[in-house]
1. What is the residue count in region 4-34 for residues that are touching a strand residue (DSSP E or B) at 6+ places or on another chain (Cβ under 9 Å) and more than 17 Å from residue 47 (Cβ to Cβ)?
2. When residues of region 126-155 are filtered for being part of a helix (DSSP H, G or I), within 14 Å of residue 94 (Cα to Cα) and touching a strand residue (DSSP E or B) at 6+ places or on another chain (Cβ under 9 Å), how many remain?
3. So, in region 56-72, of the ones that are out of contact with any strand residue (DSSP E or B) (no Cβ under 7 Å at 6 or more places or on another chain), at pLDDT 95 or above and surrounded by fewer than 17 Cβ atoms within 10 Å (Cβ to Cβ), which residue ends up farthest from residue 87 (Cα to Cα)?
4. Can you confirm whether residue 107 is surrounded by 19 or more Cβ atoms within 10 Å (Cβ to Cβ), in contact with a strand residue (DSSP E or B) (Cβ under 7 Å, 6 or more places away or on another chain) and not in a helix (DSSP H, G or I)?
5. Does residue 156 satisfy being touching a helix residue (DSSP H, G or I) at 6+ places or on another chain (Cβ under 6 Å), crowded, with 17+ Cβ neighbours inside 10 Å, at pLDDT 95 or above and more than 24 Å from residue 1 (Cα to Cα)?
6. Using the structure shown, decide if residue 131 is at positive phi and at pLDDT 95 or above.
7. Identify the residue in region 128-161 that is closer than 16 Å to residue 84 by Cβ and touching a residue at least 40 places away in the same chain (Cβ under 8 Å) and, among all such residues, is nearest to the chain's Cα centre (by Cα).
8. Check residue 99 against each of (1) crowded, with 16+ Cβ neighbours inside 10 Å; (2) under 15 Å from residue 32 (Cα atoms); (3) touching a helix residue (DSSP H, G or I) at 6+ places or on another chain (Cβ under 9 Å); (4) at pLDDT 95 or above and name the one condition it does not meet.
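The values are calculated or read from the model by the stated rules, or taken from the named source; none is laboratory data. All values derive from a computational prediction rather than experimental measurement. Methodologically, a virtual Cβ is constructed for each residue, glycine included, from the backbone with ideal geometry; neighbour enumeration extends over all protein chains shown.
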């Protein structure tokens, strides 16, 4: 994460989505690309998770990792909010595989990143062309909230301000 172009922005958006997941009890799956060499999940993200059970991988595509497949099947997911790095490599390959398997994939554009802006843009473009919904963190939050005044809305007020 240390070499990403917008690491602070990405971490901020991931934390907002984790807050949404906490309030709505949405499942969260964490993968780490070769953490021994590239480093583990950021401490701020780890500390926000209800439990830190990452799936370590060397495959760029999460769908090539049986533990990841087992997890998404066990949770009976249909819609997946996909975040991470790098947009044009791991995120793209995972997104395309999930789409091919029939999942609806939502990619909040500021919750993914690459080392360069050009690769970030290319990754977003290719995922959109493949059928993913390229969206924003705030759009996702409000689509799940549906209306103001609810206990969930009040719980997320600090997050959305």
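1. Here the count works out to 9.
2. 3
3. It comes out as 70.
4. Numbers: surrounded by 19 or more Cβ atoms within 10 Å (Cβ to Cβ): yes; in contact with a strand residue (DSSP E or B) (Cβ under 7 Å, 6 or more places away or on another chain): yes; not in a helix (DSSP H, G or I): yes.
Here the answer is yes, as residue 107 does meet what is asked.
5. Working: touching a helix residue (DSSP H, G or I) at 6+ places or on another chain (Cβ under 6 Å): yes; crowded, with 17+ Cβ neighbours inside 10 Å: yes; at pLDDT 95 or above: yes; more than 24 Å from residue 1 (Cα to Cα): yes.
Answer is yes for this residue.
6. Numbers: at positive phi: yes; at pLDDT 95 or above: yes.
When the stated conditions are applied, residue 131 passes them.
7. Ranking the qualifying residues of region 128-161, first place goes to 137.
8. Among (1) crowded, with 16+ Cβ neighbours inside 10 Å; (2) under 15 Å from residue 32 (Cα atoms); (3) touching a helix residue (DSSP H, G or I) at 6+ places or on another chain (Cβ under 9 Å); (4) at pLDDT 95 or above, residue 99 violates only (2).
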